[in-house]
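Structure record follows, encoded as structure tokens.
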Amino acid sequence: MEHSFTINIYFDESGKNQVKPHLMGGLSIPSTYYEKPEIQELNDVIKRIAIHWTKYDGDSKERNVIWRIINTFMNEHYLLKMNIISYNQSRIEESAKRLKDILEDAADQTIFMKFPERIIYGLLRKYGTYVQLDTKIFIEDDTKYHNTKYDLRTQLFQQLNIQSIYRGERFIVKSAQYVKKQEQIGIELVDLLLGMVRSIIRNEMPTSRRIREKNRLIMKLLLANPNFYTFIKNINYFEWSNSPFLVEVDFEAYL
């Protein structure tokens with residue numbers, strides 16, 4: 001007998017147009033869990049108080065909201081799956097120069113088509129012959145994703161469904177849509193987790209209040225909530241530098 005269920009996947013970036021690392025990530029959450037009252041209550045919270053990890057400097061209201069979001073979701077952390085790719089943007093741009101006469105935006109197409117597809121496909125595969133997986137994809141809205149040549153929403157919807165057929169998988173992407181900040185807690189959560197992962201990787205000395213407060217909050221969360229530590233160390237983390245393959249890295253080494 002076939003078992004059918006629905007998952008939501010939330011996609012975002014961290015570190016774009018900044019110093020390394022540049023990260024892309026996807027977070028899958030079963031829809032039945034996402035729809036629980038304690039999760040949905042967080043939607044009201046983020047509409048009242050904006051969360052911006054890049055700007056976080058210890059503000060108590062923002063800190064309390066971040067604390068609540070992380071600890072609420074981590075109550076059932078084993079239901080969440082996260083894939084992250086760290087990529088070398090400068091090497092992609094350098095490689096793309098040799099194609100500039102025939103494909104002007106090769107670098108952007110590589111970054112915004114190949115990596116997101118790999119991230120999300122990794123969250124959908126290997127669910128088993130008797131599982132029908134219905135999927136909804138939510139992407140934090142960014143004008144660069146709307147490029148008519150490679151509109152990310154359309155590309156993911158089409159290419160992932162083709163992958164499902166080609167590879168004999170049991171998932172269907174039902175929809176892919178853009179979501180603005182402060183509208184869905186899933187988008188806020190993936191944005192927050194990516195920002196924290198980036199801070200952990202950079203492991204900067206606290207030369208400013210912002211860095212010090214970010215480090216302090218991450219450490220408190222890791223020490224206070226074993227579920228959060230378990231979730232973070234089990235993230236599927238990959239690095240791409242300039243090779244045909246993604247290199248999987250044990251993220252606990254960064255912790």
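The values are calculated or read from the model by the stated rules, or taken from the named source; none is laboratory data. What you see is a predicted model; the values in this text were computed from it and never measured. No Cβ is skipped: glycine too gets one built from the backbone with ideal geometry, and neighbour counts run over all protein chains shown. Accessible surface is based on the protein model in full, side chains and every heavy atom, while ligands, DNA and RNA are left aside. Shrake-Rupley method; radii C 1.70, N 1.55, O 1.52, S 1.80 Å.
Stretching N147 away from R68 to a fully extended chain increases their span by 24.8 nm, per 0.36 nm per residue minus the current alpha-carbon distance.
What do you get for trypsin sites (Lys or Arg not before Pro) in region 147-209 restricted to DSSP loop and a cutoff of at most 13 other Cβ within 10 Å of the site's Cβ? Numbers along the way, then the final one.
On the way: sites: K149, R153, R167, R170, K174, K180, K181, R198, R202, R209; in loops: K149, R167, R170, K180, K181.
Loop-located and lightly packed - K149, R167, K180.
Distant-in-sequence amide contacts of D141, defined by a placed amide H-H separation under 5 Å and a gap of 5 or more residues or a different chain, comprise V179, K180, K181.
Can you bin region 1-110 into rounded, prolate or oblate? Criterion: square roots of the alpha carbon gyration tensor eigenvalues sorted a ≥ b ≥ c, rounded for a/c under 1.5, prolate for a/b above b/c, oblate for the rest. Oblate shape, in that a/c is at least 1.5 and b/c is the bigger or equal ratio.
Comparing M205, M82, M74 in a Gaussian network model of the chain where C-alpha atoms under 10 Å apart are linked, the largest mean-square fluctuation is found at M205.
Given a cut-off of 21 Å, name the pairs among K16/K55; K61/K144; K47/K233; K61/K220 whose C-alpha atoms lie farther apart than that in the structure shown. Listed pairs above 21 Å: K61/K144; K47/K233.
Ignoring aspartates and glutamates fewer than eight residues from K114 along the same chain, the ones with Cα atoms less than 13 angstrom from its Cα are D151. Only DSSP H runs of four or more residues enter the estimate; each adds -39500 (n - 2.57), and after division by the residues of the chain the mean residue ellipticity at 222 nm equals -13000 deg cm²/dmol.
Based on the alpha-carbon gyration tensor of region 150-240 and its eigenvalue square roots a ≥ b ≥ c, which shape applies: rounded if a/c is under 1.5, prolate if not and a/b is larger than b/c, or oblate?
Values: a/c = 2.48, a/b = 2.04, b/c = 1.22.
Since a/c reaches 1.5 and a/b is larger than b/c, the shape of region 150-240 is classed as prolate.
Could you put T135, T32, T72, T110 in order of accessible surface area, largest first, with the 1.4 Å probe and the full protein assembly present?
Working: T135 0, T32 110, T72 25, T110 55 Å².
Putting T135, T32, T72, T110 in descending order of accessible area: T32, T110, T72, T135.
Accessible surface ranking for K144, K114, 1.4 angstrom probe, highest first: K114, K144. The chymotrypsin sites (Phe, Trp or Tyr not before Pro) of region 158-255 that DSSP puts in a loop, and whose beta carbon has at most 12 other beta carbons within 10 Å, are F245.
Of E204, E41, E169, the order by accessible heavy-atom surface (1.4 Å probe, DNA, RNA and ligands excluded), from most exposed downward, is E41, E204, E169. The overall shape of region 12-64, judged from the alpha-carbon gyration tensor, is oblate: a/c is not under 1.5, and a/b is no greater than b/c.
A straight line joining the Cα centroids of region 9-76 and region 161-231 runs 7 Å. Springs between Cα atoms under 10 Å define the GNM used for the chain, and in it the highest mean-square fluctuation of L123, L79, L133 occurs at L79.
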